[in-house]
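See below for the structure under consideration.
The values are calculated or read from the model by the stated rules, or taken from the named source; none is laboratory data. Please read these numbers as outputs of a predicted model, since none were measured by experiment. No Cβ is skipped: glycine too gets one built from the backbone with ideal geometry, and neighbour counts run over all protein chains shown.
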Amino acid sequence: MLLLNWSHFWGFARQGWRFARPHTIIGTSLSVVALWAIALFTNAHPFNLQTLLILALAWLACLAGNVYIVGLNQLFDIEIDRINKPHLPLAAGVFTRRQGQRIVAIAAFLALTLSLGGLWLWLTVALSLAIGTAYSVPPIRLKRFSFWAALCILTVRGVVVNLGLSQHFSQQFGGMGIPAGPVWILTGFILLFSIAIALFKDIPDLEGDRQYQIQTLTIILGKPAVFGLCCALIAFCYGTMMAVGLLALPGVAPEIMIGGHLLLLLALGWRSRQVNLEDKGAIARFYQFIWLLFFAEYFLFPLACWCDLN
């Protein structure tokens, strides 16, 4: 009996992990840790238990907000996901709609409650939840329109998270505000990169989006054009970061900015040549690769900040 209970628990946990969309959880986690580290470095604050508690509280609040946003989207996309993403718990019928609603409600409550430890943290979480709601929920449902859908994603990941959390951590560590140089550079990069993510995520979902009249750029321009546009945007991001290194702007180590982003650019070029746009699985794998590049920036950029100070 005990074995059966544990089996049920782990099965539920696995489906819950799928419901939370792991790549977004990892992206959110890395962004929180990276912005915490940059604030720690730029404010020359000592590393201690208190700084870890500040990180943990912000991380949990942002994770809960992430679960709310992706869960809410699944609640209103069950029919579409049965075509585009049949492995998701709601689309597969593993979770009921009522279970999904409960998870989303609990996540929203936790996000708003855990973020009460700081005004900027609360504003970051609350604004992210509001934009996520407008993205998925009728009658607004901004995801129906490619421009507004992309704007929602880049606003949350590019502007709200980076600037809001930077302000929060900086104040917690005794700073006067947002670190002027490094965070603005990172924000600009994530803004452009988020556009590529927002556009590319619709390529493998072409069939379901077309059937349910979701007007994405992929439907308007076609797969090859959007694929090329996304790769060009990411390449431009890397070129800009290498230019930052060549200009030796203060706050970031030039050798890390140039060498690290050159390697990522080469990886993008190599990997993009292997994609068959007629193979939905190949497109989905390349989309996950783009997320890996996104994750890499949150390792590389704090490293560049740390090396510049040492």
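Entry remark, region 250-294: residues being within 23 Å of V161 (Cα to Cα) and surrounded by fewer than 17 Cβ atoms within 10 Å (Cβ to Cβ) number 4 in total. Reported count of residues in region 238-253, each being in a loop (DSSP other than H, G, I, E, B) and without any contact (Cβ under 8 Å) to a residue 60 or more places away in the chain, is 3.
Looking only at residues in region 7-60 that are touching a Gly at 6+ places or on another chain (Cβ under 9 Å) and closer than 18 Å to I106 by Cα, the one that is surrounded by the most Cβ atoms within 10 Å (Cβ to Cβ) is A58. Among the residues of this structure, L277 does not count as one that is out of contact with any Asp or Glu (no Cβ under 9 Å at 6 or more places or on another chain) and assigned to a helix (DSSP H, G or I).
Here's the yes/no breakdown for (1) under 15 Å from V156 (Cα atoms); (2) small (G, A, S); (3) out of contact with any Pro (no Cβ under 6 Å at 6 or more places or on another chain):
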| residue | (1), (2), (3) |
| --- | --- |
| I80 | no, no, yes |
| G93 | no, yes, yes |
| R98 | no, no, yes |
| A108 | no, yes, yes |
| T113 | no, no, yes |
| W120 | yes, no, yes |
| A130 | yes, yes, yes |
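Remark: L199 matches the filter, which requires a residue to be surrounded by 20 or more Cβ atoms within 10 Å (Cβ to Cβ) and within 30 Å of P139 (Cβ to Cβ).
Which of the residues belonging to region 28-78 are of a type in the set (V, I, T) and closer than 30 Å to R98 by Cα? Scanning region 28-78 gives T28, V67, I69, V70, I78. Looking only at region 123-142, which residues are modelled with pLDDT under 95, aliphatic (A, V, I, L, M) and crowded, with 17+ Cβ neighbours inside 10 Å? The one that is modelled with pLDDT under 95, aliphatic (A, V, I, L, M) and crowded, with 17+ Cβ neighbours inside 10 Å: L142. Just a yes or no: is a residue in region 200-215 in a helix (DSSP H, G or I) and modelled with pLDDT of 85 or more? Yes, region 200-215 contains a residue that is in a helix (DSSP H, G or I) and modelled with pLDDT of 85 or more.
Does any residue of region 147-155 turn out to be of a type outside the set (D, E, K, R), over 22 Å from G16 (Cβ atoms) and touching an Asp or Glu at 6+ places or on another chain (Cβ under 9 Å)? Yes, region 147-155 contains at least one residue that is of a type outside the set (D, E, K, R), over 22 Å from G16 (Cβ atoms) and touching an Asp or Glu at 6+ places or on another chain (Cβ under 9 Å). Being buried (at least 18 other Cβ atoms within 10 Å of the Cβ), in a helix (DSSP H, G or I), of a type in the set (K, R) and at pLDDT below 90, is that true of even one residue in region 144-152? No: zero hits.
Can you say whether T113 is out of contact with any Ser or Thr (no Cβ under 6 Å at 6 or more places or on another chain), of a type in the set (S, T, Y), assigned to a helix (DSSP H, G or I) and more than 30 Å from L90 (Cα to Cα), as far as the supplied structure shows? No, not satisfied.
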